[in-house]
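Heads up: the structure comes next, in structure tokens.
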Amino acid sequence: MTARVGIWRLLALLAGLGVGPGIWALSTQLGQILPYAECGASIRPSTFLGAAGVLMALASAWMSWRAAAGLRGQEALRFTGQLSALMGLLVAFALLLQTAATLVISACER
């Protein structure tokens with residue numbers, strides 16, 4: 001007999017699937033808007049926002065992994081949490097590459 005999963009654990013299981021792509025979409029949209037404000041400026045807020053996005057995607061992947069690790073006897077939910085964690089890692093890698101691009105290419109060139 002399987003135990004019921006609480007709403008908080010279910011949200012933690014799905015964090016990598018929801019939070020990571022949401023941050024990636026926000027980062028992509030900010031990448032279209034911020035170069036106009038950054039051109040000629042001495043600071044690059046897109047680099048800091050990109051680094052924060054990477055950390056949030058990694059945190060959502062970790063939440064999903066930890067929530068999946070606590071499940072015993074519920075393989076379908078455990079697989080969902082592990083898949084969610086891997087998705088969070090994939091999105092964090094994509095965000096890391098986008099953030100690295102902000103360091104290489106100036107805002108006026110974008």
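The values are calculated or read from the model by the stated rules, or taken from the named source; none is laboratory data. Owing to the predicted nature of the structure, the values given are computational and were not obtained by experimental measurement. With ideal geometry, Cβ positions are generated from the backbone for all residues, glycine too; neighbour counts draw on all protein chains shown. Remember, those area values only see protein heavy atoms, side chains included, never the ligands or the DNA or RNA. Shrake-Rupley method; radii C 1.70, N 1.55, O 1.52, S 1.80 Å.
Brief remarks on what is shown
- Nearest-10 value in Å² for the accessible area of CYS108, using the 1.4 Å probe: 80 Å²
- The accessible-area ordering, largest first, of the residues VAL54, VAL104, VAL5 stands as VAL104, VAL5, VAL54, per a 1.4 angstrom probe.
- Counting every C-alpha pair in the stretch 39-82, the share spaced more than 17 angstrom apart comes to 52%.
- For LEU86, net neighbour charge (Lys/Arg +1, Asp/Glu -1) across residues whose Cβ lies under 15 Å away: +2
- Neighbour net charge for LEU14 - beta-carbon separation under 15 angstrom, K R +1, D E -1: +3
- Computed P(r) (all Cα pairs; the stretch 57-108; 5 Å bins; percent): 5, 23, 20, 15, 11, 9, 7, 5, 3, 2, 0
- Sequence of GLU75, GLU38 from largest to smallest accessible area, 1.4 Å probe: GLU75, GLU38
- If you take all other residues with their beta carbon under 12 Å from the beta carbon of ALA67, and give Lys and Arg +1 and Asp and Glu -1, the sum is +3.
- Each label was represented as a point 7 Å from its Cα along the Cα-to-Cβ direction; for LEU11 and ALA52 these points are 2.1 nm apart.
- Listed values (1) 13.4, 40; (2) 17.2, 63; (3) 16.7, 56, entry calculated as Rg and Dmax of the Cα atoms in Å: (2)
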